[in-house]
Amino acid sequence: MRDIDSSDIARLTRRLILQAEFDIPEDVREALMRARSEETSAHAKFALDQIIENQEIAATERTPICQDTGMIVIFAEIGQDAHITGGNFEQAIQDGVRAAFADGYLRASVVDDPLFDRVNTRDNSPGVIHARIVPGEGVRLLVTPKGFGSENMSRVRMLTPSSGVDGVLDFIVDTAKLAGSNPCPPTIIGVGIGGTLEQCALIAKRMTARPLGKPNSDARYAALEAECLRRINSLNIGAAGFGGSCTALAVHIDHAPTHIAGLPVAVNMCCHAARHAEGML
Ligand code: SF4
């Protein structure tokens, strides 16, 4: 059993949020540079230049990559032999969210009641926490600030098994087509297949932060990722919707066992501000 003070969890949360908001991950930066070098459309090249330059300014001047600093989503893995002391875990995460948004002068983008009041909480709390108990005595956090230009373009569909591979493929490509320029392409498209309604959505969200350039280890799913990407990049939506060959940088799919009567599919769109940061205590 290892003691982990809740104040350290708050500090780690704060640090990871600020890192995610200011520093685009290296794999995303490299993918954008590659897209820029391969793009033939002049307008799309211009858009990619702007996106890359914006990210460089954010990193240098420690300003947010985007004015939409997002709703904070946190995937937490808590070791079953970790003992959290000095306060409760969820409170510590929310303290970290508040501290990051105050110290980083980040835009507060969360409202308390979604339907009636819609009053801004003014500190971007609460973050959305997805926690799992895992073997070990540490705590690992993956922080993903989620802008809603792309979140709003995401979809879940409860397909039936007879839809098959083609039904899944069409749903993923149609989601990107319907989204058009709204999710600020080039996007990273996370897909969850299987499980239940909420499980496939969680998988899709998690897949938006999978490292780029690492296809699914199952050759069948890797082929599906490649075919989705090929079809999506043939839609001529392009960077910022200016047309061109790069509408998505990647399609990342993961799957889970499901019911004999079901084939749930979730598609979570993530914009070119594909922000995430990971750390451990
Ligand atoms: S979708 Fe992404 S890039 Fe577009 S405004 Fe929102 S956070 Fe910014």
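Amide H contacts of ALA131 (H built 1.01 Å from N, in plane; Pro and chain starts excluded): ALA76 sit under 5 Å, all sequence-distant by 5 or more or on other chains.
Per residue, the convex hull around the alpha carbon atoms of the chain comes to 134 Å³. Distances between every pair of Cα atoms in the range 40-85, grouped in 5 Å steps from 0 to the bin holding the largest one, split as 5, 16, 13, 13, 13, 11, 9, 9, 5, 4, 3, 0 percent. If R0 equals 51 Å, the separation of the Cβ atoms of THR60 and MET1 corresponds to a calculated FRET efficiency of about 0.75. Near LYS146, the amide H atoms lying under 5 Å from its own belong to MET71, ILE72, VAL73; only residues 5 or more places off or on other chains count, and H is placed 1.01 Å from N.
What's the local net charge at ASN124, with K and R +1, D and E -1, over the other residues with C-beta under 11 Å away? With Lys, Arg at +1 and Asp, Glu at -1, the net is +1. Ignoring aspartates and glutamates fewer than eight residues from LYS146 along the same chain, the ones with Cα atoms less than 16 angstrom from its Cα are GLU21, ASP23, ASP68, ASP123, GLU278. Our compactness index for the range 125-273, the C-alpha radius of gyration over the empirical 2.2 N^0.38 Å, is 1.03. Taking a point 7 Å out from the Cα of ARG220 in the direction of its Cβ, the residues of the range 248-281 whose backbone N falls within less than 19 Å of it are 252-266. The residues MET153, MET158, when put in order of fewest to most other Cβ atoms within 10 Å, stand as MET158, MET153. Comparing Cα centroids, the range 58-73 and the range 217-231 end up 31 angstrom apart. Scalar couplings 3J(HN,Hα) for the range 97-106, obtained by applying the Karplus form with A = 6.51, B = -1.76, C = 1.60 to θ = phi - 60°, are 4, 4, 5, 4, 6, 6, 6, x, 6, 8 Hz; x denotes Gly and Pro. Exposure proxy ranking for PHE75, PHE89, based on other Cβ atoms within 10 angstrom of each Cβ and starting from the fewest, stands as PHE89, PHE75.
Note down the nm distance, to one decimal, between modelled labels 7 Å out along Cα→Cβ at GLU26 and at PHE148. About 3.5 nm separates the two model spin labels. Set against the 2.2 N^0.38 Å expectation for a compact globular protein, the range 1-104 has a Cα radius of gyration ratio of 1.40.
Taking a straight Cα-Cα cut-off under 12 Å and skipping sequence neighbours fewer than 8 places away in the same chain, the aspartates and glutamates within cross-link reach of LYS205 are GLU151, ASP254.
Couplings 3J(HN,Hα) of the range 213-225, computed from phi: x, 10, x, 3, 6, 8, 4, 5, 6, 5, 5, 5, 4 Hz, in residue order, whole Hz [Karplus 6.51 cos²θ - 1.76 cosθ + 1.60, θ = phi - 60°; x for Gly and Pro].
Once the Kirkwood radius over Cα pairs is known for the range 85-147, the Stokes-Einstein relation at 10 °C and 1.306 mPa s delivers a diffusion coefficient of 118 µm²/s. Within the chain, CYS66, CYS200, CYS228, CYS246, CYS270 have no other Cys Cβ under 4.7 Å of their Cβ and so lack a disulfide-compatible partner by this rule. Amide H to amide H, with H built 1.01 Å from N, THR121 comes under 5 Å of VAL110, VAL111, ASP112, counting only residues 5 or more places away or on other chains. Taking the number of Cβ atoms within 10 Å of each Cβ as an exposure proxy, the fewest-first ranking of VAL73, VAL128 is VAL128, VAL73. Here the Karplus curve 6.51 cos²θ - 1.76 cosθ + 1.60, taken at θ = phi - 60°, turns the phi angles of the range 237-248 into couplings of 7, x, 4, 6, x, 8, x, x, 9, 10, 8, 10 Hz, with x standing for Gly and Pro.
For the options LYS45, LYS177, LYS214, a Gaussian network treatment of the chain with springs between C-alpha atoms closer than 10 Å singles out LYS214 as fluctuating the most.
Only the coordinates and a few stated rules stand behind these numbers; no lab work does. Note that the structure is predicted; figures quoted are calculated from it, not measured. Quick reminder, even Gly has a Cβ in these numbers, built from the backbone with ideal geometry, and neighbours come from all protein chains shown.
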